[in-house]
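Taken together, the values in this text are just the output of simple stated rules run on the coordinates, not laboratory data. Note that the coordinates shown come from a computational prediction; the quantities given were computed from them, not determined experimentally. Methodologically, a virtual Cβ is constructed for each residue, glycine included, from the backbone with ideal geometry; neighbour enumeration extends over all protein chains shown.
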């Protein structure tokens, strides 16, 4: 019962470095999502993929890119990390509703 | 922008007491959901209520929805220390895919 798996769990980057966060789901879900969670802000949608082969911007897409590699995998890339991108990143998947979440990647950018 | 706003931001109660959290939202919805997040973990879905429903139960959880007031409440009865977590409401607006989350209520249940 893996569900949604995110790697890595923790990462520290220097400003300007690039990084890809990985997400995989084994529930045969069509839709996948990337959120960021900041203290006191709840979750904000960065990008989502309604189905394999499609991606769309969410509320806070600037500074990020995504790839829906196949039905199982949805990656999030930071091309040039900035301190403002320090956050906890969550991946989720669903067939319509509800959404199922991974345990997050805690990312610090110095 | 946050669609849902939970109230209160934090709630501390004793084991066995009931906990009530409220959520207000701004636009029309298809459904409203409640999620729980334990410290250091991802969100876990608790319950979904559709816009044409007024009340829904699941175990010790009771959710109400008032679309005329654009508000919902989550009641946890006979709370346990294990219920200590943050609780978030989420609305879907006009999209079948995108959810908008509130900032959450941190519930602490003291043994």
| field | Rg over Rh, two decimals, the stretch B:65-106 (C-alpha only, Kirkwood Rh) | value | 1.05
| query | If you average the sequence gap of Cα pairs under 8 Å that are 6 or more apart and divide by the length of chain B, what percent do you get for the contact order? | reply | 39
| query | How large is the convex hull of the Cα atoms of the protein assembly as shown per residue, expressed in Å³ as a whole number? | reply | 118
| query | So what's the Cα pair-distance distribution over the stretch A:53-110, bin width 10 Å, in %? | reply | 18, 53, 26, 3
| request: Report the semi-axes of the equivalent ellipsoid for chain A in whole Å, largest first, where each axis is √(5λ) for an eigenvalue λ of the Cα gyration tensor. | output: 22, 14, 13
| task | Using only the Cα atoms of the stretch A:25-71, construct the convex hull and provide its projected area averaged over every direction, in square nanometres to one decimal. | result | 3.7
| If each residue's Cβ is checked for other Cβ atoms within 10 Å, how do A:20, B:64 rank with the fewest at the top? | A:20, B:64
| note | Rounded to two decimals, the Debye log10 I(q)/I(0) of chain B (Cα scatterers, no solvent) at q = 0.10, 0.18, 0.21 Å⁻¹ is -0.25, -0.82, -1.11
| remark: Distance in Å, no decimals, from the C-alpha centre of the stretch A:1-78 to the one of the stretch B:1-67 is 25
| message | If you restrict to DSSP beta bridges whose two residues both lie in the protein assembly as shown, what percentage is antiparallel, to the nearest 5? | response | 90
